[in-house]
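Undergrad: This is the structure I want to talk about, given as structure tokens.
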Amino acid sequence: MDEKIKEVKKQKVVRYIFKNQRLFQLINKVKLWPSRSGTLHGVKSLENRGKTMVVTTHCGESFVAWDSKNSRSARWLRNRWCKNPCKKCKIPEWKLTKYSQTVFTDARK
């Protein structure tokens, strides 16, 4: 019985997130931020301020970003262009595998 439970846990679970949504909603679900240098940072807190948002990472960095569907960070998250995790943030392996297994789909089918 225990072997069957372990097999179910090891199977690949596919998560679907809609492709064209605001950056705030995307980061709130994924909890990762792609920096311009190409590293993934873990998001500690996220504060919505209308058209902008304040992002605080586990590194201790805090910055303001525009809440846009077509921003650089939204495109980089959807296309998975950032692969290297930040060493200071210490992103767990399960979060990286969950992010790599997530499928960004179009709502129109």
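Undergrad: Taking segment 14-34 on its own, how many of its residues are among the polar types (S, T, N, Q) and either more than 12 Å from the chain's Cα centre (by Cα) or modelled with pLDDT of 95 or more (or both)?
TA: 2
Undergrad: Looking only at segment 63-109, which residues are part of a strand (DSSP E or B), within 14 Å of the chain's Cα centre (by Cα), surrounded by 11 or more Cβ atoms within 10 Å (Cβ to Cβ) and not polar (S, T, N, Q)? Give the derivation first.
TA: Our first condition is that a residue be part of a strand (DSSP E or B); within segment 63-109, this holds for 63-66, 84-85, 102-105.
With the extra rule that they be within 14 Å of the chain's Cα centre (by Cα), the set shrinks to 84-85, 102-104.
From the residues that got through so far, the ones that are surrounded by 11 or more Cβ atoms within 10 Å (Cβ to Cβ) too are 85, 102, 104.
Across segment 63-109, the qualifying residues are Pro85, Phe104.
Undergrad: Determine which single condition Asp106 fails, assuming it passes every other condition in (1) at pLDDT 95 or above; (2) farther than 14 Å from Lys31 by Cα.
TA: It fails just one condition, (1).
Undergrad: A further question on this structure: Looking at segment 64-105, which of its residues are under 19 Å from Leu23 (Cα atoms) and free of Cβ contacts under 8 Å to residues at least 40 places away in the same chain?
TA: Answer for segment 64-105, where residues must be under 19 Å from Leu23 (Cα atoms) and free of Cβ contacts under 8 Å to residues at least 40 places away in the same chain: Val64, Asn70, Arg72, Arg75, Asn79, Arg80, Ser100.
Undergrad: Further, regarding this structure: Just a yes or no: is a residue in segment 26-36 touching a strand residue (DSSP E or B) at 6+ places or on another chain (Cβ under 8 Å) and aromatic (Phe, Trp, Tyr)?
TA: Start the filter on segment 26-36 by keeping residues that are touching a strand residue (DSSP E or B) at 6+ places or on another chain (Cβ under 8 Å), which leaves 26-35.
Within this subset, residues satisfying the condition of being aromatic (Phe, Trp, Tyr) are 33.
Yes - at least one qualifying residue is present in segment 26-36.
Undergrad: Considering segment 82-100 alone, what residues qualify as being in contact with a Cys (Cβ under 8 Å, 6 or more places away or on another chain) and within 13 Å of Pro34 (Cα to Cα)?
TA: Cys86, Cys89
Undergrad: How many residues does segment 17-62 contain that are assigned to a strand (DSSP E or B) and closer than 19 Å to Ser100 by Cα?
TA: Counting residues in segment 17-62 that are assigned to a strand (DSSP E or B) and closer than 19 Å to Ser100 by Cα gives 10.
The values are calculated or read from the model by the stated rules, or taken from the named source; none is laboratory data. All values derive from a computational prediction rather than experimental measurement. Methodologically, a virtual Cβ is constructed for each residue, glycine included, from the backbone with ideal geometry; neighbour enumeration extends over all protein chains shown.
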